[in-house]
Every structure is written in C-alpha cells, then in structure tokens.
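J.: One structure is given below, represented as structure tokens, and several questions about it will come after.
The values are calculated or read from the model by the stated rules, or taken from the named source; none is laboratory data. Bear in mind the structure is a predicted one, so any value in this text is a computation, not a measurement. Positions of Cβ are backbone-derived with ideal geometry, glycine not excepted, and every protein chain shown enters the neighbour counts. Surface areas here come from the heavy atoms of the whole protein model, side chains and all, with no ligands, DNA or RNA. Shrake-Rupley method; radii C 1.70, N 1.55, O 1.52, S 1.80 Å.
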Amino acid sequence: MSGVLLWVSSGPKENINSLVSFSCRSGGGGERTQKRFSGISFASGASAFSSAVAAETLRSSEERVYEVVLKQAALVKENKRGTKIALDLDKDVEGDFTNVDLLNAAYDRCGEVCAEYAKTFYLGTQLMTAERRKAIWAIYVWCRRTDELVDGPNASHITPGALDRWEQRLSDVFEGRPYDMYDAALSHTVSKYPVDIQPFKDMIEGMRMDLRKSRYDNFDELYLYCYYVAGTVGLMSVPVMGIAPEANASTESIYNAALALGIANQLTNILRDVGEDARRGRVYLPQDELALAGLSDEDIFSGRVTDKWRKFMKGQIKRARMFFDEAERGVADLNSASRWPVWASLLLYRQILDSIEANDYNNFTKRAYVGKVKKLLSLPTAYGFSLLGPQKFAKMVRR
Ligand SMILES: CC(C)=CCC/C(C)=C/CC/C(C)=C/CC/C(C)=C/[C@@H]1[C@@H](COP(=O)(O)OP(=O)(O)O)[C@]1(C)CC/C=C(\C)CC/C=C(\C)CCC=C(C)C
Ligand SMILES: [Mn+2]
C-alpha cells in the first residue's frame, strides 16, 4: 500500500513507512478497505463514479496527503517560492483593508492571543521579520479558534452544521470578507502570502472527524487525522516562513518536512494525553497495534503501567521520533529568520517524548511536560541549530 509513496519520496520516508505498513499489514488496513468496499453500492454496475470511489478507498492516507503536499508545493513555486513578498502595512494595504490602524490593531490582538496561549512559541516568533511574525500570529489564532470549537467550553454545542458555517466563513475570509478583526488579519495575510485554503479546510475536516469518531482502527486512519489537525499547520506556515533562496532541496521535500513536523507534534500530543483523552472516552492509539501488543481499551481505561504497556509505548515513541527526524531535515531550507522558532518548537515538543520515558511511560495519571529550565536551555540550542545546523553546532559545543 505504501509502494507509491516509497517510489515518489526519498530515503528517509522509508523508515516511517515501514512502521506504517507494519501497522497496516497487521490486518486493519486491508479490513478497513474491504469494509468500505462492502459499504458502497455497486448496484448500478461498474460506473465511472463507483470505480473512482473504489480507487480512492484503495489509496492509503499517506498517498492522499502526499498529493496535497505536491499541490501546495506547486502553488508556492508558482509564486516564486513565496519568499519575495513585501508586506509593508503602511504602503501596501489593499481591498477592504482601508483602515491601516484597525488592521494593525487586529494583528496586535492576534499576537496577544498567541502570547497568552503559547508563550514559548510567541517568543520564538520574535526573531522573524515583523511581517512574517504577524502573519503567523493570524494563522495561529485561526487554528486555535478552530480547535476551540471542538475542545473549548462550548464544544458540547458544536454540531457538524456549526463546522459547515465555520468553513463558509473561512471562504469569506479568503475572498476578502472578514467577519471580525482576527478574520481581518487572516484575510490580509492570505492576500499577501501564497497560502492556499486547502489546509485550512482540511483542518476543519479534522474537527469533523473529532465529532464523529473516537477510535482509530489503524495507523492509516490516525495518520489522516494527524494530517488534518496538525500536518495542515506545517502546510499553512511554510508559504509565510519562506524557503531560503539558497535552498537546494525541492519544494516538495520541504513541504514534506513541514507536514512531518505537524504529524510528529500531534503524535506526541496523543501519547502525552492518553489518560486525559481516555477520561473523555477517546482512544487515539491505533486499535490494531494495541491488539497486536495484547492490549485493549480496557487496559487504557484501567490505567495500569505494565510491561506490555511500556513495550507498546516504546514503539509509539519511536515512530513519533522518526517523524521528528524527517522534519529536522527540512528546517535548514527555511528562510534563516524562520528557522529559530521552528527549531525551538521542534526541540520542545520532542522533549515531551523524553519526559514520557522519564515518567516510566505513565501517561495515564502523570502529565509529561518540559520544565522551565529545559525550556530556557532549548532556546539558545535552537538558535545555534538555526545558525549552524545540529551537526556543526554539536561539534562547536564539544570543542
Ligand atoms: C520545513 C519545516 C520543518 C517547516 C516547519 C513547518 C511548521 C511551522 C510546522 C508547525 C507544526 C506545528 C506547530 C503543528 C501544530 C500541531 C498541533 C499541536 C496541533 C494541535 C491540534 C489539536 O490537538 P489537541 O486538541 O490534541 O491538542 P490541545 O490539547 O488542544 O493542544 C492543534 C491544537 C491544532 C491547532 C494548532 C495550533 C493552535 C498551532 C498553530 C501554530 C502555528 C500556526 C504556528 C506554527 C509555527 C511554528 C513556528 C511552530
Ligand atoms: Mn485541542
């Protein structure tokens, strides 16, 4: 199933794929496809429509997501790699944005929200150019608001219809018709940078998934969920962060690394929050992999750290780290001023995995977190990485 992806992508992906295909070979992937097949009515004969549906169900999530990656990369290439866009708010305010002060106030408000919800990340944006920083804040706020729809205080009132309306509102934002000031900032951002609407729509799709689904049969299903809610963030951010003019890597591979960072972060979130999610009746861990390890939902609900659980968690952590490794290979190709915040968030998130290990894999009742000192130490390391790359930085520190 992952043959096509192995073919289109370079070496590193193979490692991740081998783990993915491990999960699918164990039965879940094939079964799922067959179940879907049997759910589709072929009564009208072998119509083109039903064959198209059948072909779609046969493709793995990675193949489907990789198509989005290729499309996003092509879009940004059309825009000369999305790096040379001036965003001078004093001179360059167009369309409905007639009031520069209001727009600046909207961006400032986005910055405040960002600082409130994600202090370290906010700090990380400080090294970016003012224009890029503002655009990232606007995207951050939209993502946070979208997540709050299904996770926030009003989550119990959120219906699929509400998400449809949120998506309509998103289209309006992209067409220059913002509803409020946060929207206005995003509307301006997407008019200035080659940011496409697809990853935003896909994030809303992820929220729909959260409304209708609380179990994942296999990693293929989980991968799609992680793409929707987190891989999309990478695809939204690269056009703003910009690709280094001197980058040798293909745009596709840079987008792939950005996608990998989102997936790695979300897998980490899931591993950190096993207990918390279980208390809300949610199990994100792939059911077929749990079964293969001799575990079930009951083991998760009872929250006992057994050797089986430790062994299972080691495999899950290993896979999350593989996605981090893949992401790392793309950071150096970003514009120099964007590398620091990306390294900072990567290093900090990655350390959550270390903390799960340090908690002896008790992610039922102990929350894995990165302490203040480690957080602070990560910032200069991230800065060193962004200037020299991890290898050269490590050599320099050793000297
Ligand atoms: C080449 C290369 C490596 C480029 C880097 C590309 C890049 C900037 C990738 C960013 C990856 C990233 C930070 C993804 C966010 C993943 C995430 C944490 C998603 C969360 C989803 C839902 O999870 P859950 O409900 O389980 O978690 P909570 O308990 O609610 O936290 C999200 C909450 C979705 C919403 C996402 C955000 C609010 C984060 C948006 C962040 C940005 C727009 C900025 C990204 C920029 C930097 C510098 C990291
Ligand atoms: Mn959330």
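J.: Is at least one residue of region 306-324 among the polar types (S, T, N, Q) and over 30 Å from ALA73 (Cβ atoms)?
T.: Yes, the conditions are met somewhere in region 306-324.
J.: Tell me which residues, restricted to region 119-136, are in contact with a Gly (Cβ under 9 Å, 6 or more places away or on another chain) and within 8 Å of ligand 1 (Cβ to nearest atom).
T.: THR125
J.: While we're here: Spot the failing condition for ILE263; the list is (1) within 11 Å of ligand 1 (Cβ to nearest atom); (2) open to solvent by less than 10 Å² (accessible area, probe 1.4 Å); (3) in contact with a strand residue (DSSP E or B) (Cβ under 9 Å, 6 or more places away or on another chain), and only one is missed.
T.: (3)
J.: Based on this model, can you work out whether LEU186 counts as away from ligand 2 (no atom under 16 Å from the Cβ), of a type outside the set (Lys, Arg) and modelled with pLDDT of 95 or more?
T.: Criteria met by LEU186.
J.: Next up: Within region 371-385, can you find the residues that are surrounded by 19 or more Cβ atoms within 10 Å (Cβ to Cβ) and free of Cβ contacts under 8 Å to residues at least 60 places away in the same chain?
T.: If the condition is that a residue be surrounded by 19 or more Cβ atoms within 10 Å (Cβ to Cβ) and free of Cβ contacts under 8 Å to residues at least 60 places away in the same chain, then SER378, PHE385 are the ones that fit.
J.: Right, here's the next one. Hey, can you tell me all the residues within region 150-165 that are open to solvent by less than 40 Å² (accessible area, probe 1.4 Å) and within 15 Å of ligand 2 (Cβ to nearest atom)?
T.: Passing the criteria: VAL150, GLY152, ALA155, ILE158, LEU163.
J.: Oh, and also: Check region 175-183 and report whether any residue there is more than 9 Å from ligand 1 (Cβ to nearest atom), charged (D, E, K, R) and touching a helix residue (DSSP H, G or I) at 6+ places or on another chain (Cβ under 7 Å).
T.: The answer is yes; a qualifying residue exists.
J.: Within region 152-165, track down each residue that is without any contact (Cβ under 8 Å) to a residue 40 or more places away in the chain, assigned to a helix (DSSP H, G or I) and within 16 Å of ligand 1 (Cβ to nearest atom).
T.: ALA155, SER156
J.: Shifting gears a bit: Just need a number here: residues in region 347-368 that are out of contact with any Lys or Arg (no Cβ under 8 Å at 6 or more places or on another chain) and open to solvent by 40 Å² or more (accessible area, probe 1.4 Å).
T.: Of the residues in that region, 6 qualify.
J.: List, please: which pairs have Cβ atoms under 6 Å, are six or more places apart or on different chains, and start with a residue in region 327-338 that is without any contact (Cβ under 8 Å) to a residue 40 or more places away in the chain and end with one that is more than 6 Å from ligand 1 (Cβ to nearest atom)?
T.: Nothing qualifies.
One line per residue, one yes/no per condition, for (1) within 15 Å of the chain's Cα centre (by Cα); (2) away from ligand 1 (no atom under 13 Å from the Cβ); (3) crowded, with 21+ Cβ neighbours inside 10 Å:
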position	(1), (2), (3)
VAL238	yes, no, yes
GLU252	no, no, no
ALA258	yes, no, yes
PRO286	no, yes, yes
PHE301	no, yes, no
LYS311	no, yes, no
VAL342	yes, no, yes
SER345	yes, no, no
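J.: Ok, one more. Here's a check for you: in region 93-138, which residue that is among the aliphatic types (A, V, I, L, M) and within 16 Å of ligand 2 (Cβ to nearest atom) is surrounded by the most Cβ atoms within 10 Å (Cβ to Cβ)?
T.: Out of the qualifying residues, it is VAL113.
J.: Every residue in region 292-312 that is of a type in the set (Ser, Thr, Tyr) and either in a helix (DSSP H, G or I) or touching a residue at least 60 places away in the same chain (Cβ under 8 Å) (or both), please.
T.: Result: SER302, single match.
Quick grid of which residues meet (1) among the basic types (Lys, Arg); (2) in contact with a Gly (Cβ under 7 Å, 6 or more places away or on another chain); (3) open to solvent by 20 Å² or more (accessible area, probe 1.4 Å); (4) away from ligand 2 (no atom under 16 Å from the Cβ):
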residue	(1), (2), (3), (4)
GLU167	no, no, yes, yes
GLN198	no, no, yes, yes
LEU211	no, no, yes, no
ARG215	yes, no, yes, yes
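J.: If you scan region 313-339, which residues turn out to be part of a loop (DSSP other than H, G, I, E, B) and open to solvent by less than 50 Å² (accessible area, probe 1.4 Å)?
T.: Matches in region 313-339: ASP333, ASN335.
J.: How many residues are over 19 Å from LYS318 (Cα atoms) and out of contact with any helix residue (DSSP H, G or I) (no Cβ under 8 Å at 6 or more places or on another chain) when one looks only at region 247-274?
T.: 1
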